[in-house]
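Some notes on the structure that comes next.
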Amino acid sequence: MMTGLAKEVADKESEKYGRCESCNENAAALIITDLRSGKAYRVCHNCIIELVNVSLTPEHFFNMLKAGHSKHEFWLHDDFYDWNIGEALQPKL
């Protein structure tokens with residue numbers, strides 16, 4: 001839990017891009033666009049590493065689905081994740 005100055009900084013950052021679609025905790029610091037679908041991923045510095053290494057936790061995977069992403073997008077493709085349980089099938093981390 002953040003307090004004081006750290007919380008104020010995080011609140012200011014989240015005003016720019018919103019919350020991370022993966023963890024829903026940190027401010028999104030990066031926006032990455034899926035080249036196939038054109039869908040934008042709004043992620044924090046921590047979750048971008050999990051996303052590009054196809055190593056999202058099941059919780060983070062399902063958060064991305066709740067944010068409107070689908071298996072038709074490269075980073076969440078069903079070759080990389082089990083859609084029933086959200087487990088990474090080919091994690092690179």
**Prompt:** Are there any pairs, at least 6 apart or on different chains, whose C-beta atoms fall under 6 Å, with the first in segment 19-38 and under 10 Å from residue 63 (Cβ atoms) and the second assigned to a strand (DSSP E or B), and if so, which?
**Reply:** 20/43; 21/42; 22/43
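Residue 89 - would you say it is surrounded by 14 or more Cβ atoms within 10 Å (Cβ to Cβ) and at pLDDT 95 or above?
On the way: surrounded by 14 or more Cβ atoms within 10 Å (Cβ to Cβ): no; at pLDDT 95 or above: yes.
The answer is no for residue 89.
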**Prompt:** Would you call residue 35 outside any loop (DSSP other than H, G, I, E, B) and either of a type in the set (A, V, I, L, M, F, W, C) or farther than 24 Å from residue 16 by Cβ (or both)?
**Reply:** no
**Item:** Failed criterion for residue 47 (all others in (1) modelled with pLDDT of 95 or more; (2) in contact with a strand residue (DSSP E or B) (Cβ under 7 Å, 6 or more places away or on another chain) hold)
**Value:** (2)
**Request:** Residue by residue through segment 47-63, note down the ones that are hydrophobic (A, V, I, L, M, F, W, C), in contact with a Cys (Cβ under 9 Å, 6 or more places away or on another chain) and either more than 13 Å from residue 26 (Cβ to Cβ) or not in a helix (DSSP H, G or I) (or both).
**Result:** 56
**Request:** Report yes if residue 71 is exposed (fewer than 12 other Cβ atoms within 10 Å of the Cβ) and either in contact (Cβ under 8 Å) with a residue 40 or more places away in the chain or over 10 Å from the mean Cα position of the chain (by Cα) (or both), otherwise no.
**Result:** no
**Flag if residue 66 is modelled with pLDDT of 90 or more and out of contact with any strand residue (DSSP E or B) (no Cβ under 6 Å at 6 or more places or on another chain)** = yes
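The values are calculated or read from the model by the stated rules, or taken from the named source; none is laboratory data. Since this is a predicted model, take the numbers as computed values, not measurements. When we count neighbours, we look across all protein chains shown, and the Cβ atoms used for this are built from the backbone with ideal geometry, even at glycine.
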